[in-house]
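What follows is a short report on a single structure.
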Amino acid sequence: MALLNNRKLKENNGTLVMSPLPKAEIGPPPNGGYVHIKHIPEDASAAALYDFLRPSGTLYSCSILTHPDGRQKDSAHACFVDAVYAHAAIEQLNFAQFQGNNISIKLSRPPRQSLAKTATSSTSAGLDLPETRAPAAAQQP
């Protein structure tokens, strides 16, 4: 069970995100350390995984991956507030027992941004690219 200010944290779609404001949309910490965790038991909860990882350092988020049909996968992602905590989690908890399974923890890259958010046209990005033209052989006389 995860506690914050002596209150039990509720699960929100399998993801725990620590935010100073209710319903706030804040980005991940700039120096965050991302880890990928494998061999999570099927009946594990994000709150239990949060409690398991918390002694290694301050967590920003923790989520167990799911299949499209809603079943849990056997892996999870966690983001620590600082990369130092991610390294500490790997040293302390890699191959440790979590609810009867030996888990594996490795560093991972930050999640990709949505293509819709990052896609820009060449003119809006300030690039002056030449126009593309059809080859001369394909043009009609």
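Throughout, read-outs are computed from the coordinates displayed, never taken from laboratory work. This is a predicted model, so every value here is computed, not measured. Neighbour counts are summed over all protein chains in view; Cβ atoms, including those assigned to glycine, are modelled from backbone coordinates with ideal geometry.
For this structure, a couple of remarks:
- Summed side-chain charge close to His67 - residues other than His67 whose Cβ falls under 12 Å, Lys, Arg +1, Asp, Glu -1: -1
- Amide H contacts of Ser45 (H built 1.01 Å from N, under 5 Å, at least 5 apart or other chain): none
- Extension gain for Gln92 to Glu42 (0.36 nm times residue separation, less C-alpha to C-alpha distance): 15.7 nm.
- Neighbourhood charge, 13 Å Cβ-Cβ cut-off, centred on His39 and excluding it, Lys, Arg +1 and Asp, Glu -1: +1
- Integer Hz, Karplus 6.51/-1.76/1.60 couplings in order for region 54-65, x for Gly and Pro: 4, x, 7, x, 6, 9, 8, 8, 8, 8, 9, 6
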